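The values are calculated or read from the model by the stated rules, or taken from the named source; none is laboratory data. Quick caveat, the model's predicted, so the values are computed rather than measured. Here the Cβ positions follow ideal geometry from the backbone for every residue, glycine too, while neighbour counts run over all protein chains shown.
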Amino acid sequence: MTQFVCDICGATFEQKSRYERHMLTSHPKRAVSAADIEKALRGIDFPKQRSELIDAVSGEDREIRDIIEQLPMREYRDAAEVARAFGELRTHVRAAENQPSRRGGKRAAQEHASAPSAARIASLFAGMTFPASRGALLEHARTEANAAEMRLLEQFGEHTYHSMAEVTHELKSLR
C-alpha cells in the first residue's frame, strides 16, 4: 500500500525513509547562489555593516540571512563585495584585493563595463526553465540585458543548456 507520493515526479513509496531518500537524491534543494544574495540585497543603499545587512534582508529569506550572519564582520561597500565574501566563505579562498569594488568609482565601472559578472548573468536568467536552447536564453535575457551583456550572450554556442551551471561554464569559457 502506497503511503508516500512525490509531489514532483509522482513516484510512490511504502516507507517514509525511502521517500525522504528519493527527495534528497532525485530532487535536491537548490543551494543559495551569489545571484540569490544580490537579488535579496537589491535596492539596499550601501555601504552597510554586516549587522545592517542582516536587518535589511526579508524574514522570508532565512537561508540568505543565515549566510550573511556567517560573513566577516565588516563594512560592505556594495552587493558585489557581499557576493565576493560569500564566495570566500563557500570556497575558503580569499579573493584578490584588486577587485572592482575595492577600486570603486568610475574607473572600475569603465574597466568592467564589457565584462558582466557571473552573478549578473545569472540574474538575467531568473525564472528560466531548463533545458533551453541558445535562442531561448537570448530571448529570455533580452528584456533585462544591456548591449554589452547581449553581445556576450550572443557568443554562446548553438546547443541545449540543461542548467544554470552549464550557462556559467559557457560564460567562463568565453572570458
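Residues in region 124-148 that are in a helix (DSSP H, G or I) and either modelled with pLDDT of 85 or more or in contact with a Phe, Trp or Tyr (Cβ under 6 Å, 6 or more places away or on another chain) (or both): LEU124, ARG134, GLY135, ALA136, LEU137, LEU138, GLU139, HIS140, ALA141, ALA147. Within region 6-44, the set of residues being among the acidic types (Asp, Glu) and assigned to a helix (DSSP H, G or I) comprises GLU20, ASP36, GLU38. Which one is surrounded by the most Cβ atoms within 10 Å (Cβ to Cβ) among residues in region 1-30 that are of a type in the set (Ser, Thr, Tyr) and touching a Phe, Trp or Tyr at 6+ places or on another chain (Cβ under 8 Å)? Among residues in region 1-30 that are of a type in the set (Ser, Thr, Tyr) and touching a Phe, Trp or Tyr at 6+ places or on another chain (Cβ under 8 Å), the one surrounded by the most Cβ atoms within 10 Å (Cβ to Cβ) is TYR19.
Can you find even one residue in region 11-33 that is closer than 19 Å to ALA119 by Cα, of a type outside the set (Lys, Arg), at pLDDT below 90 and in contact with a strand residue (DSSP E or B) (Cβ under 9 Å, 6 or more places away or on another chain)? There is no residue in region 11-33 that is closer than 19 Å to ALA119 by Cα, of a type outside the set (Lys, Arg), at pLDDT below 90 and in contact with a strand residue (DSSP E or B) (Cβ under 9 Å, 6 or more places away or on another chain).
What number of residues within region 34-46 are touching a residue at least 12 places away in the same chain (Cβ under 8 Å) and surrounded by fewer than 20 Cβ atoms within 10 Å (Cβ to Cβ)? Number satisfying all stated conditions: 4.
For region 47-76, a residue qualifies if it is surrounded by 14 or more Cβ atoms within 10 Å (Cβ to Cβ), in a loop (DSSP other than H, G, I, E, B) and modelled with pLDDT of 90 or more, and exactly one does: LEU71.
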